[in-house]
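The numbers here are math on the coordinates, done by the rules we state, and not lab data. Just so it is clear, the structure is predicted and the values come from calculations on it, not from any experiment. FYI the Cβ positions are ideal-geometry reconstructions off the backbone, even for glycines, and counts take in every protein chain you see.
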Ligand code: SF4
């Protein structure tokens, strides 16, 4: 039986990893769902290397064998009223995300195997996220040590700060994820526009290629216009 940590690079799973290393019981394997350079930031890859160096651990990059972000974006939808159209931006209305399923959940489940202990870094104040039926019926035993030990998100941040292992993208975003995500907040999108212009240009290209708006009644070009005006006014 292997002890496997699903590590996202976020503060909660990093705090869990630090606590495991500090206790002298590091996981046998650390799995990172790597969506690939099309959707990950360079900063994330640099951070992974820093975590490996600082904690003397090795992170496995788990990737989909079927899709990259772009190949999924440009693949045809197989059912429903949009059947045959390009998959495009994930819908903001649905709770789940097929990008998450295809690029993260399926590859991670395959890598986890069966009969293992899977450690997830869910903080005590996000307890509800551990209540998914999947965690009770799957082939592995899912464990949530941060919840058991009452470690909150703030405490996780402090643990990461102690080792200077706070993901650098927290300086720009409250939550980490694909930069193409239409569910992210306006402030995250503003940070993307301002700090990663080449990614923003790519987002505009996705919009040209997608039959529907990035967000309900709001295209990427609407956002570009809004931010351009905001930053133009700031400069005056
Ligand atoms: S960050 Fe957004 S697009 Fe990426 S997997 Fe999560 S919900 Fe889907």
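What to note about this one:
- One Cα centroid belongs to region 160-236, the other to region 31-55; the line between them spans 20 Å.
- Legend: Rg and Dmax of region 185-236, from Cα coordinates, 11.1, 36 Å.
- Ranking of 165, 146, 192 by count of other Cβ atoms within 10 Å, fewest first: 165, 192, 146
- DSSP beta bridges confined to the chain are antiparallel in about 10 percent of cases.
- Reported value for region 23-98: 136 Å³ per residue, from the convex hull of its C-alpha atoms.
- Calculation over all alpha carbon pairs of region 77-117 in 5 angstrom steps from 0 returns a P(r) of 5, 18, 20, 22, 13, 9, 8, 4, 0 percent.
- Least to most buried among 125, 154, 12, 164 (fewest other Cβ within 10 Å first): 164, 154, 125, 12
- Relative contact order (%) - the chain, alpha-carbon pairs under 8 angstrom, separation at least six: 23
- Length released on extending from residue 136 to residue 211, taking residue separation times 0.36 nm less the Cα-Cα span: 23.1 nm
- Above 21 Å, the calculated P(r) of region 29-182 contains 56 percent of its Cα-Cα pairs.
- Anisotropy class of region 102-177 from Cα gyration tensor, a/c 1.5 cut: prolate
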